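Just so you know, all these numbers are worked out from the coordinates, no wet-lab data involved. What you see is a predicted model, and the numbers here were worked out from it, not measured in a lab. Because the Cβ atoms are built from the backbone with ideal geometry, glycine has one as well, and the counts that use them run over all protein chains shown.
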Amino acid sequence: MVISLFRKVPISFEIIEYESVDSTNNELKKLANQSLAYDGLCIWTPNQTLGRGQRNNIWETKANQNLTFSFYASPKYIIPQESFLLVRAISIGVMLYLESHISNHDVSIKWPNDLIIGHKKVAGILIENTFSGHELKSIIGIGINLNQLSFNSENAGSLTFFSGEQYTIRAELNHCLFYISKALKTLKTNRTAIEKMYDSGLFKKNELCEFEAHNQKLMGQIVGTDEFGRLQVETNGSVHHYLNGEIKMIY
C-alpha cells in the first residue's frame, strides 16, 4: 500500500567509495566546504572508524559488516523552517528498505530518526543542515546494521539478527538508495502523505510508555508530531510538545 505512492522515477545518485574513512558525513562536509558537493553525491565506506550519531554519540560499527554512507541534498521545494520534512522522508525511505527484508517483525521509527525492528535499534540517521538564505543544504548520514551480531548495547540489533540472512554491502547500498529516492520524490509531490506515513510508523505510538523529560519521569503516550517535528506526548489528558533532546523514552 505504501509503496504504491511512489510512482515517479527515483532521483539518481553518484556514489564514491572510500576504502576507509573516519566519518562519511565529515568527508562529505569537506567536499561541501570546497563547493564540490551536489545533489545526489553519495560517499560510502565498508569501514567507518568514527561514525557519529545524534548529539555526538558514537555509532558502533564493525568493518565490512554494515552499511554506512552519506549523501548531499539541496531540495528546492523545502524552506529551512520545514527541514523536519526531510527527516520524515529519509526515515520513511530507510523504514521501507528494512521492511523489504523483514516480514515477521514490525519496523518502526523511534522519534526522531532511529529505525527499530522489534525493540532493537537497527539503523540511525544523522542530518546536518546549513542554510543559505531560503535554501536548505543537507548532509545526510545513514548507518544500517546488516551482518553484525554482537554489540556493546543490548538495544542494538541487525538485519541478520532478525532475518538469518547475510547481505552484500554494496548491493544493499543500491537497494537502500532506491527506497530513499522514492521517498524524496513523494515528499516533493505529496508531503501530506509523508507526514501521515511518518506519524503512523512511530515506535510505540498510542501505547502508554515511561519517559524522562526535564529530569523527571512521566507516563504518557505518543500521539504524533507537529509541523515543526516536535514529539507530541499526551499525559493526564494534555498534549505536550518536545524538541529533540528534551524527552527520552525508557523502554
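The table below lists the values:
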read-out	value
Binned Cα-Cα distances of the stretch 209-250, short to long, each 10 Å bin given as a whole percent	31, 62, 7
Protection proxy ranking of 23-31, 209-217 - average other beta-carbon atoms within 10 Å, highest first	23-31, 209-217
Given K137/K205; K110/K204; K110/K196, the pairs whose alpha carbons are separated by over 20 Å	K137/K205
Ranked list, fewest to most other Cβ atoms within 10 Å of each Cβ, for D106, D114	D106, D114
Over the stretch 209-250, relative contact order from alpha-carbon pairs under 8 Å, at least 6 apart, %	39
Amide H contacts of N47 (H built 1.01 Å from N, under 5 Å, at least 5 apart or other chain)	V21, N64
Hz values of 3J(HN,Hα) by residue in the stretch 63-71 - Karplus curve (6.51, -1.76, 1.60), Gly and Pro given as x	4, 6, 10, 10, 9, 10, 7, 9, 9
Highest-first arrangement of 166-173, 143-150, where packing means the average Cβ count within 10 Å	143-150, 166-173
Area projected by the alpha carbon convex hull of the chain, averaged over all directions, nm²	13.5
Debye log10 I(q)/I(0) for the stretch 19-117, one point scatterer per Cα, at q = 0.17, 0.21 Å⁻¹	-0.96, -1.34
Cα-centre dipole for the stretch 3-200 with unit charges at Cβ (Lys and Arg positive, Asp and Glu negative), debye to 20	500
Size of charge dipole - the stretch 209-250 - debye, nearest 20, with Cβ of Lys, Arg +1 and Asp, Glu -1, no other charges	100
J(HN,Hα) series, the stretch 86-95, from Karplus relation 6.51 cos²θ - 1.76 cosθ + 1.60, nearest Hz, glycine and proline x	5, 4, 4, 5, 5, 4, 5, x, 5, 4
Estimated vicinal HN-Hα couplings, Hz - the stretch 170-186 in sequence order (Karplus 6.51, -1.76, 1.60; Gly, Pro = x)	4, 5, 6, 4, 4, 4, 5, 4, 4, 6, 5, 5, 5, 5, 5, 5, 5
Packing rank of 224-237, 84-97, 180-193, where each peptide gets the mean count of other beta carbons within 10 Å, highest leading	84-97, 180-193, 224-237
Three-way shape call for the stretch 62-112 based on the alpha-carbon gyration tensor, with the a/c threshold at 1.5	oblate
Relative contact order [Cα under 8 Å, 6+ residues apart], the chain, whole percent	18
